[in-house]
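For reference, the structure is listed below as structure tokens.
Rule-based calculations on the coordinates, nothing more; no lab input. Values in this document were obtained by computation on a predicted structure and should not be read as measured data. Glycine also receives a Cβ, built like all others from the backbone with ideal geometry; neighbour counts cover every protein chain displayed.
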Amino acid sequence: MRSLSIFGATGSIGEQTVDLMQRAGGAEAFRVVALTGGRNLSRLAEMARTLRAEVAVCADVSDLAELRERLAGSGVAAAAGPEAIAEAAERQADWVMSAIVGAAGLLPGLRALQHGSTLALANKESLVTAGPLLMAEATRHGARILPVDSEHSAIFQALVGEDIGSVERIILTASGGALRDWPLDRLATATVQDALAHPNWAMGQRITIDSASMFNKALEVIETREFFGVAPDQIEVIIHPESLIHSMVGYRDGAIMAHLGAPDMRHSIGYALNWPERSHLPVARLDLAQIGQMTFRAPDLARYPALRLAREVMARRGLAGAAFNAAKEVALDHFLAGGIGFMDMAGVVEATLESLDDDLGSGTARMTLEEVQSADHLARTRAGEIARRRAGER
Ligand code: NAD
Ligand code: MG
């Protein structure tokens, strides 16, 4: 029986992973090792009972007593806190889903790779923050990473049986997010509610706002560079409002392989869960005649400064990715709290990167976990200062 753990089990990706597991037989079909969650203890305990997990871990130490109580008599062990989450990744599992949101997902993913687990990677932040480290550890321990981000799963599938050396370009599709049709001069006034109205995908709150600002696409461009090892100038972004093509690979003979499907994350979660086989998935089938047409347009960099910043981060590499992601997380926190405006997020990230110019080093792709964590910490502190200053000026 295959053993399996889910980090971030109570989130949007985690729930959809659990859904596919339940449909495939649940506790009868998988040996569930660890399930982790944030603050939704009742849901975490419920899943852990149903799937008969060995251990359930919540993010906050102060929630441990309640989690224990909720698991009483179930035979599921309870644990809490970031260290317990990282420790849970040391429990041997064949397949591990990394679906915590943000840089907090890095450590458990890294530990899982170091134990040779196959890592289904939804947490793109870990590749942006520490791509070279993650890829090197995977190679060192003979562990495989399967991308779960829909674009990267699409690219991965379009590469099956092909030689990466014959790839000319990778074309990432983007929906354009909730505000894609807003006049440029109104964007600065967009509220959290406005940015949450995603046209196609139902996702967690943070990634939905990152889609509206295209910080999500910026992270994905860097994720593409790190995971597939292509050069930055081989990566293109195109707005495709219908979100039916999930991304494309262009080969040197001019052929383009595209992956199409309904906008449902269970495509890519299911592909990673069943890989290398394909199993039936409960996703809508496309009726192309009814869809009629698909449209495309080039992204406007004035509207999406995050895309320009991603290019700068890739040119610099080193610890710039860790700083970029951390500053983005802090800027998003301040936008969510109402301190800064929608367009200020990119301003905060850019100012943070500029102010850390001397501290990030450059040119090298080698890094230690300690260096990554220290760049992350430095950027969070700096971005917080800059965001508070901007909030004061508003
Ligand atoms: P979400 O907010 O719905 O869920 C996040 C999960 O992580 C929850 O279980 C939450 O409790 C937990 N969590 C949050 N902060 C934590 C912390 N500090 N420590 C431990 N656990 C913590 O997020 P999501 O939308 O499911 O996204 C998860 C990851 O997958 C992100 O990296 C996101 O970029 C990526 N992703 C998501 C989608 C999607 O459709 N939702 C698509 C592509 C990629
Ligand atoms: Mg994506």
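Beta bridges assigned by DSSP with both partners in the chain are antiparallel in approximately 25 percent of cases.
The fraction of all Cα pairs in region 206-250 landing in successive 10 Å bins from 0 to the largest distance is 23, 56, 21, 0, given as whole percents. Summary value for the chain: 14 percent relative contact order, contacts being C-alpha pairs under 8 angstrom separated by 6+ residues. Between E350, E66, E223, which gets the highest mean-square fluctuation from a Gaussian network model of the chain, Cα cutoff 10 Å? With Cα springs under 10 Å in the chain, the top fluctuation among E350, E66, E223 is at E66.
When only Cα pairs below 8 angstrom with a gap of at least 6 residues are kept, region 24-137 shows a relative contact order of 19 percent.
Note on I245, I155, I256: ascending count of other Cβ atoms within 10 Å places them as I256, I245, I155, the fewest first. Note on Q290 and I256: the extension gain reaches 9.9 nm, defined as 0.36 nm multiplied by sequence separation minus the Cα-Cα distance.
Taking the chain as a Gaussian network of alpha-carbon nodes connected by springs under 10 Å, the highest mean-square fluctuation of the residues Y271, Y304, Y251 belongs to Y251. Rounded to two decimals, the Cα-based Rg/Rh of region 40-105, with Kirkwood Rh, is 0.94.
Quick note on region 304-361: its Rg to Rh ratio, both from C-alpha atoms and Rh being the Kirkwood radius, is 0.97.
For R303, which sequence-distant residues (separation of 5 or more, or a different chain) have an amide H within less than 5 Å of its own amide H, given hydrogens modelled in the peptide plane? Correct list: empty. Applying Stokes-Einstein at 37 °C and 0.692 mPa s to the Kirkwood radius of region 97-183, computed over alpha-carbon pairs, gives a translational diffusion coefficient of 228 µm² s⁻¹. In order along region 199-209, phi translates into HN-Hα couplings of x, 10, 10, 9, 9, x, 4, 5, 5, 5, 5 Hz, rounded to whole numbers, per the Karplus curve 6.51 cos²θ - 1.76 cosθ + 1.60 with θ = phi - 60° and x for Gly and Pro. Distance from the Cα centre of region 153-201 to that of region 32-94, in angstrom? Result: 34 Å between the Cα centres. For region 70-81, the Karplus equation 6.51 cos²θ - 1.76 cosθ + 1.60, evaluated at θ = phi - 60°, returns couplings of 5, 9, 3, x, 8, x, 8, 6, 10, 8, 8, x Hz by residue, with Gly and Pro reported as x. Under the rule a/c < 1.5 gives rounded, and otherwise a/b versus b/c splits prolate from oblate, where does region 1-134 land using the Cα gyration tensor? Oblate. When the helices of the chain are scored as -39500 (n - 2.57) per DSSP H run of n ≥ 4 and the total is divided over every residue, the value at 222 nm lands at -14000 deg cm²/dmol. In a simple Cβ point-charge model (Lys, Arg +1; Asp, Glu -1; nothing else charged), region 294-394 has a dipole of about 380 debye relative to its Cα centre. Placing a pseudo-label 7 Å from each Cα along the Cα-to-Cβ vector at E28 and A197 gives an inter-label distance of 4.5 nm. Which of rounded, prolate or oblate describes the chain when judged by the alpha-carbon gyration tensor and an a/c cut-off of 1.5? It comes out rounded by the Cα gyration axes.
Residues in region 259-276 carry Karplus couplings, in order, of 10, 10, x, 5, x, 9, 5, 5, 4, 7, 5, x, 4, 5, 5, 9, 3, x Hz; the curve used is 6.51 cos²θ - 1.76 cosθ + 1.60 with θ = phi - 60°, and Gly or Pro positions show x. Considering the chain as a Gaussian network with a 10 Å cut-off on Cα pairs, which listed residue, L113, L286, L219, attains the greatest mean-square fluctuation? Sorting by GNM fluctuation, first place goes to L286.
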